[in-house]
Amino acid sequence: MISGKAGSGKDFLGDILEKRGCRRSAFADQLKYITSKIYGIPLQDLNTQQGKKKMYHDKTYRQILIEESTRYKKEDKYFFARPVIDRFKISNTSKNGVITDFRFPEEFEYAKKELAGIYDVKTILIKRDAHIQVDDTSERALDIGFYFDYVLDNNGSIHDLKNQLFIFNL
């Protein structure tokens, strides 16, 4: 499970791991799909940093995603995590899987509990100094007191990042 600030390289790292045989998923995939349908925002805009800067009336697409996520998670804190974890449980076709966007301790605890005996759930923090500043609890919930199994530095080249992946034996 990968965590990091907005623009730190979570999806990029997920792409690399997918090419190395990991099954890739994201908690926000469902959020982006729902938001696209409700607001008529092109899905591709919700999947890029540039697209998330676009405006819908007086809010950026990123702000809308944060608000919609908060709204759904008030009803069910596992609203976005449950379908992703269920898909991993049902189709255990790869020995390794990667979730590219966990942001809250309860998402990790839920995944660890539900995937026990199927996957050895590990956490990765990807750090990048030039990340995008977002003022939301989703960007800070893991900052204090959460232990990550691995911390990767994404301040160098693509080659530098890939060289750190030896720890995964992929």
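The values are calculated or read from the model by the stated rules, or taken from the named source; none is laboratory data. Treat the numbers as computed from the prediction; the structure is a model and nothing was measured. For neighbour counting, all protein chains shown are included, and Cβ atoms are generated from backbone atoms with ideal geometry for every residue, glycine included. SASA here: full protein model, heavy atoms, side chains in, ligands and nucleic acids out. Shrake-Rupley method; radii C 1.70, N 1.55, O 1.52, S 1.80 Å.
Annotations for the structure displayed:
- Some residue of region 53-63 being part of a helix (DSSP H, G or I), modelled with pLDDT of 90 or more and of a type in the set (S, T, Y): yes
- Check on Q133, polar (S, T, N, Q) and open to solvent by 80 Å² or more (accessible area, probe 1.4 Å): yes
- Residues located in region 63-81, provided they are within 21 Å of I2 (Cα to Cα) and either surrounded by 15 or more Cβ atoms within 10 Å (Cβ to Cβ) or of a type in the set (S, T, Y) (or both): L65, I66, S69, T70, K73, Y78, F79, F80, A81
- Cβ-Cβ under 6 Å pairs, at least 6 apart or on other chains, region 65-92 side over 29 Å from G117 (Cα atoms), far side open to solvent by less than 60 Å² (accessible area, probe 1.4 Å) and β-branched (V, I, T): L65/T35; E68/T35
- Residue in region 118-130 that is closer than 23 Å to R82 by Cα and outside any loop (DSSP other than H, G, I, E, B) present: yes
- Search result, residues across region 37-47 that are open to solvent by less than 60 Å² (accessible area, probe 1.4 Å) and either without any contact (Cβ under 8 Å) to a residue 12 or more places away in the chain or among the basic types (K, R) (or both): P42
- The residues of region 12-36 that are open to solvent by 60 Å² or more (accessible area, probe 1.4 Å), in contact with a helix residue (DSSP H, G or I) (Cβ under 9 Å, 6 or more places away or on another chain) and either acidic (D, E) or not in a strand (DSSP E or B) (or both), listed by number, are F12, R20, D29, Q30, Y33.
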